[in-house]
Amino acid sequence: MGYAAKALGQAIRERREELGLSQEQLGKQAGYGTGAGVSVSRIESGTTRPGPRRFEGIALALQLTPGQLEDRAERRAREDAAQWDERMAEPGARRNRRALKERLAAVREETRKRADLVAELGEAFNAAHDTARDEFLLEFVRTARDIRGVPESGAKGAEGSADNDTLPIDIPQFAEGTSEARARGLARRIVATLAGGDGDGDAGAGVENAETYRSFMAAVLSSKGERGGPGPAGVTGSPLGRGGSLLLLGIATGPGTMLAASRLLFLSRRRSRAEEEQLLAQLDEADAKFDASQRGFDHMIDALTRATSILEIIGLHAGWRLQQWKRGLDRAPVEWRTLTPEQQEAYRRFVAIAACQIAVESLDVARFMTVDGADLEALIEGVDETLADAKATVDLLA
C-alpha cells in the first residue's frame, strides 16, 4: 500500500465527517464492539492500522469499496508529501529551525501516542492477569493438588502404549486449530505438575500469591516430554505477566526516545550546520523506524487486547464456576474415585481452561517489534491461532 497509517486515518476521518458520523457510530457500523469509538479514534490518529477484515468493514460503513478507501488514503499521502516538498523547497528549508521543530514535534507526538496506548493496555492486561491468577489458577492449584488418585494416563494407543497424544485424563475437546497440540501438551503438564506436588507452598495474598504462581508456572513450562515439537511462533517460556508492559513500552517508543537529547540540544543554543544535519538524519531514522515497525505494533496492540479479554473471562466466569465446584467437595484430601462424574468433568474443564490461560500468558508479544519479513508473518499467524483457539475453548468451557 502506498500510504502510511496517518494518511489512512486522515482519509477515514475526512470521509466520516462528510457523512456526519461520530467515531462511535462508524466503529459500530464497521463491526467493532465495546470501545468502538476508541478504536476508530486510534485509527484516525494513525496510532493503529486496521487489519484486512476491519478495513473492509470501515470502508463499507463509509459507503466506499476497500479499493476506493485505499485510493483516498494514497491521495492523502501524496498531498502530504507534496506539502512537505514545497516547504523543503524554500531557501534553506532543510536547515530551517521551524521545519525541524515541526518534525521533532511529530516524532514526539507519535512517541507519546504509542506510550499512552501501551501503558493503557498494559495496565488492563496486568489487572486481568492478576484476577485470573488469584481468582482461578491459584485457587484451582490449591484445591486440585489435594485430590488423590487422578488417573495418570489416557486411553492406550494402538500398540498398547500410553505414550500417545491423549491426555493424562480425558479433557474436553479443545478448539480445533494448529495450537491445539500445544494446549493439550500444557494440560498434560498441568496434571503432571499437580500430581508431582510442584508449586506447593502456602499462597496468601500479595507477594506470596505471586511467588506461588511463578513457581507453578515455572514447573509447568519447564516440564519435559511435550509431544509435537515446539509450540507456535510467539510462545516463550517466560510469561509476559506483571511488569511486562514496561518492556513493551521501551520497545514501542524506542525510535522516538533517542531524540530526547537532540531536542534539548536543539532548543538550548544555536546549532552548527553539522548539528542540524545530524538532527535531520536522526529524524529520518526515527520516521523510518516508526513506519517499519507500524505493522508489528498494530498486531502487538491487537494481541494485548485479545489476551486481556480472554483473561477477564477466566477471572470472572471460570473463577465463579471454580468456587461452586469447591463447595461440593469433601474436606481435603479428596479421592478421585469419590468424586461424582460431574465433579470429575469440572476438574477436566478447569485443567483445559488453565492450559489456555498459560498459553495466552506465555505469548511473546514484545517480539512483534523486533522481527520483520517472513518472521513477522509467522509470528502473526502463530499468535493469532493461539489466541483464537484459546478464546473458543474458554468461551465453551468457562
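Taking a ≥ b ≥ c as the square roots of the eigenvalues of the Cα gyration tensor, region 332-398 is classed as prolate, since a/c reaches at least 1.5 and a/b is larger than b/c. Model label points for Glu342 and Glu17, set 7 angstrom from Cα along the Cα-to-Cβ axis, are 6.0 nm apart.
With the simple model of a label 7 Å out from the Cα in the direction of the Cβ, Ala127 to Gln29 spans 3.1 nm. As a calculated quantity, the FRET efficiency between Asp116 and Thr370 at R0 = 22 Å, using C-beta atoms, amounts to about 0.55.
Remark: spin-label model distance Ala378-Asp71 equals 4.0 nm, labels positioned 7 Å along the Cα→Cβ axis. Stretching Glu79 away from Thr305 to a fully extended chain increases their span by 78.0 nm, per 0.36 nm per residue minus the current alpha-carbon distance.
Note on Arg327/Asp146: beta-carbon distance plugged into 1/(1 + (r/R0)^6) with R0 of 22 Å gives a FRET efficiency of 0.90.
Stretch Leu396-Glu335 to full length: gain in nm at 0.36 nm per residue minus the Cα-Cα span?
Numbers: separation 61, 0.36 × 61 = 21.96 nm, distance 2.74 nm.
19.2 nm is the gain from fully extending Leu396 to Glu335.
Packing around the peptides 302-314, 43-55, 351-363, taken as the average count of other Cβ atoms within 10 Å per residue, puts them in this order, highest first: 351-363, 302-314, 43-55. Measuring from a point 7 Å past the Cα of Ala288 along Cα-to-C-beta, which residues in region 370-398 have an amide N at less than 15 Å? Correct set: none at all.
Readers should treat all values here as calculations from the given coordinates under stated rules, not as data from a laboratory. Small disclaimer: the values here were computed from a predicted structure and weren't measured. Note that we place each Cβ from the backbone using ideal geometry, even for glycine, and neighbour counts take in every protein chain shown.
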